[in-house]
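Each remark here refers to the structure printed beneath this line.
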Amino acid sequence: MKIAEIQFSSWDKVYYFSIGEEKLDINDYVVVETKLGIEMGKVVGFTELSEDEIAKLPDPIKPITRKASREDLDVALKQKQQKASAFEECRALIKKHSLPIKLVDVHFAFDDARITFAFIADGRVDFRDLLKELIKRFKKNIRLQQLGIRDEIKITGDIGCCGRNLCCQSFYKDLGNVTSDLADLQQIAHRGSERLSGVCGRLKCCLTYEKDHYNELADKLPMIGEKIKTEHGRGEVIGWHVLKQSVDVLLDDKDTIVEVSILKENK
């Protein structure tokens with residue numbers, strides 16, 4: 001089944017919806033029904049999912065209601081014009097209650113039934129009094145959603161060390177977990193945290209970009225500690241060179257370490 005990847009806010013995750021008979025392109029806007037109500041979102045990509053993959057998803061895939069019309073876009077424009085005042089009112093209330101949070105964005109649901117205030121904070125924050133005042137002020141359902149530092153960078157944008165727009169803001173929508181294990185897998189952990197960190201101060205999301213390729217290459221190498229036979233004699237694998245497809249082997253004489261190409265050994 002061909003699936004459209006829809007995003008409602010730049011900091012939100014990507015959701016799957018079935019296309020049906022609609023003819024859509026990247027950056028088209030569509031109206032959809034979600035668990036929380038009617039929303040307008042932007043098409044950020046397409047994918048094909050098998051029936052087995054669809055069955056494993058946590059929620060059933062709903063169809064796109066319609067491609068956004070001129071009237072729909074006018075509604076979204078009016079809501080966008082309301083964001084600035086809502087942002088300032090919420091920020092004033094945050095200051096009033098001395099809450100240690102940073103407000104980064106406001107999202108109005110397309111059906112006007114809900115407002116989401118996205119913020120960043122270190123750890124958990126008791127915002128019950130803030131929530132009560134926001135409900136009283138706007139007379140709508142209010143959602144306070146805590147984001148990570150990566151999500152803030154998606155909104156503000158920046159330039160990476162490569163000189164291009166950040167991957168997380170341009171095309172890389174589903175990062176998954178970016179962990180230090182990826183640096184170990186790619187054998188660049190020795191470069192230090194400064195060179196491995198992006199403008200957000202976290203590990204660069206591009207570490208995940210070639211993860212599958214590195215895993216595929218690593219699967220072809222013998223395990224660390226495994227005994228193998230080489231043209232120099234038998235020995236124990238003590239290190240990897242993933243991209244070179246070679247390993248360091250401590251020979252049984254315990255005095256000699258040789259680098260052995262696995263590609264050559266398999267010929």
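The values are calculated or read from the model by the stated rules, or taken from the named source; none is laboratory data. Everything numeric in this text was worked out from a predicted model, so none of it was measured. Cβ atoms come from the backbone with ideal geometry, glycine included; neighbour counts cover every protein chain shown.
Go through the stretch 1-85 and tell me which strands (runs of 3 or more DSSP E), entirely inside it, have 2 or more residues that are of a type in the set (D, E, K, R). Walk me through it before giving the result.
Working: elements: 2-7, 15-18, 29-34, 37-48, 62-67.
Of the strands (runs of 3 or more DSSP E) lying wholly inside the stretch 1-85, those with at least 2 residues that are of a type in the set (D, E, K, R) span 2-7, 37-48, 62-67.
Check Asp52, Asp105, Asp112 and return the single one that is closer than 28 Å to Gly20 by Cβ, touching a helix residue (DSSP H, G or I) at 6+ places or on another chain (Cβ under 8 Å) and either of a type in the set (Val, Ile, Thr) or at pLDDT below 95 (or both). Full working, then the answer.
Values: Asp52 fails: touching a helix residue (DSSP H, G or I) at 6+ places or on another chain (Cβ under 8 Å); Asp105 fails: closer than 28 Å to Gly20 by Cβ.
When all the criteria are applied, what remains is Asp112.
I'm trying to understand the selection: among the residues of the stretch 24-61, which are buried (at least 16 other Cβ atoms within 10 Å of the Cβ) and basic (Lys, Arg)?
If the condition is that a residue be buried (at least 16 other Cβ atoms within 10 Å of the Cβ) and basic (Lys, Arg), then Lys42 is the only one that fits.
From the list Ile228, Ile153, Ile224, exactly one residue is loosely packed, with under 14 Cβ neighbours inside 10 Å and of a type in the set (Val, Ile, Thr). Which is it? Spell out how you get there, then give the answer.
Numbers: Ile228 fails: loosely packed, with under 14 Cβ neighbours inside 10 Å; Ile153 fails: loosely packed, with under 14 Cβ neighbours inside 10 Å.
Of the residues listed, the single one that is loosely packed, with under 14 Cβ neighbours inside 10 Å and of a type in the set (Val, Ile, Thr) is Ile224.
Scan the stretch 1-18 for residues that are among the aliphatic types (A, V, I, L, M) and at pLDDT 90 or above and jot them down. Talk me through it step by step, then tell me what you get.
So in the stretch 1-18, the residues among the aliphatic types (A, V, I, L, M) come out as 1, 3-4, 6, 14.
Scanning the stretch 1-18 gives Ile3, Ala4, Ile6.
Scan the stretch 203-221 for residues that are surrounded by 15 or more Cβ atoms within 10 Å (Cβ to Cβ) and either without any contact (Cβ under 8 Å) to a residue 12 or more places away in the chain or touching a Lys or Arg at 6+ places or on another chain (Cβ under 8 Å) (or both) and jot them down.
Within the stretch 203-221, Cys205 is the sole residue that qualifies.
Please enumerate the residues belonging to the stretch 217-250 that are of a type in the set (Asp, Glu) and at pLDDT 90 or above. Break it down into steps so the answer makes sense when it comes.
Step one: filter the stretch 217-250 for residues of a type in the set (Asp, Glu), giving 219, 226, 231, 236, 248.
Residues satisfying the conditions are Asp219, Glu226, Glu236, Asp248.
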